[in-house]
Amino acid sequence: MVCFSQNVKIDSIKQFTTNEIDSICKKNGRDIISEGRISTSIESKIKRNQTKILNGSGGFSYKLYVNHFNKENYDKLSKIEKRKYDFDKYSDLIKGDYHQAIHYENSYSENIYGEFYYFKTSLFYVKIKVIRTENNKEDISETFNLSLSELNDAKVLKNIFLMDLKGFVNEKNNELIKIYNRK
């Protein structure tokens, strides 16, 4: 397997494709991980005028991947120089993964997967997959592959889950950037 990260010049400002970024992430592994728990409630109609509140709980995780674009020079340094080396100066956020899973009382569950692709710590492409499972029913899923311009141009992105995709992407992007900046 050829990894594209090996073909890039030092201090390069090349914008990678999503496939190249995935290749770099596979080679280098994740850099930062953050996890947490979620508790939520939804209102569900059971009959014409009756509703039922369903409580759910689950968790979420963020995984961040960075590209160290000065590796060739780093490898040439002495052990003492390597200890003083500033990785942050020569690394950029290239991808963030988000996963959220919530399980409700009535055997209903929801999983959301997000892949956020970056160039110089600015979002340029998003992949989102939402999967809902109900007891004794087939999974319902929907996938979105959106560039930043497509995301910004659309007033409302139609989806079967009535989810505010723009709001979701903005919220999770802000969280990923916040986690990245804490390093």
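From Glu142, Glu138, which residue is of a type in the set (Asp, Glu), closer than 20 Å to His103 by Cα and more than 19 Å from the chain's Cα centre (by Cα)?
After ruling out the rest, the residue left standing is Glu138.
Within region 60-88, work out how many residues are among the small types (Gly, Ala, Ser) and farther than 30 Å from His99 by Cα.
The qualifying residues number 1.
Just wondering, is there one or more residues in region 80-93 that are of a type in the set (S, T, N, Q) and either in a loop (DSSP other than H, G, I, E, B) or within 27 Å of Asp139 (Cβ to Cβ) (or both)?
no
So Tyr65 fits all but one of (1) crowded, with 16+ Cβ neighbours inside 10 Å; (2) out of contact with any Lys or Arg (no Cβ under 9 Å at 6 or more places or on another chain); (3) assigned to a strand (DSSP E or B); (4) of a type outside the set (A, V, I, L, M); what number is the exception?
The failed condition is (2).
Does region 154-174 contain at least one residue that is small (Gly, Ala, Ser) and either surrounded by 15 or more Cβ atoms within 10 Å (Cβ to Cβ) or closer than 24 Å to Arg37 by Cβ (or both)?
yes
Mind listing whichever residues of region 117-149 are exposed (fewer than 13 other Cβ atoms within 10 Å of the Cβ), polar (S, T, N, Q) and not in a strand (DSSP E or B)?
Answer for region 117-149, where residues must be exposed (fewer than 13 other Cβ atoms within 10 Å of the Cβ), polar (S, T, N, Q) and not in a strand (DSSP E or B): Asn135, Asn136, Ser149.
Among the candidates Glu110, Glu138, which residue alone is in contact with a Lys or Arg (Cβ under 6 Å, 6 or more places away or on another chain) and closer than 22 Å to Ile42 by Cα?
Glu110
Say whether the condition of being loosely packed, with under 11 Cβ neighbours inside 10 Å and polar (S, T, N, Q) is met by at least one residue in region 75-93.
Among the residues of region 75-93, at least one is loosely packed, with under 11 Cβ neighbours inside 10 Å and polar (S, T, N, Q), which makes the answer yes.
Any residue in region 101-115 that is in a strand (DSSP E or B), in contact with a Cys (Cβ under 7 Å, 6 or more places away or on another chain), of a type in the set (Phe, Trp, Tyr) and modelled with pLDDT of 85 or more?
The answer is no, given that none of the residues of region 101-115 is in a strand (DSSP E or B), in contact with a Cys (Cβ under 7 Å, 6 or more places away or on another chain), of a type in the set (Phe, Trp, Tyr) and modelled with pLDDT of 85 or more.
Hey, any hits in region 69-78 for a residue that's touching a helix residue (DSSP H, G or I) at 6+ places or on another chain (Cβ under 9 Å), modelled with pLDDT under 85 and among the polar types (S, T, N, Q)?
So far as region 69-78 goes, yes, one or more of its residues are touching a helix residue (DSSP H, G or I) at 6+ places or on another chain (Cβ under 9 Å), modelled with pLDDT under 85 and among the polar types (S, T, N, Q).
Counting only residues that are more than 17 Å from the chain's Cα centre (by Cα) and among the hydrophobic types (A, V, I, L, M, F, W, C), how many does region 39-73 have?
Count: 5.
The values are calculated or read from the model by the stated rules, or taken from the named source; none is laboratory data. Just so it is clear, the model here is predicted, and its values are computed rather than measured. Cβ atoms come from the backbone with ideal geometry, glycine included; neighbour counts cover every protein chain shown.
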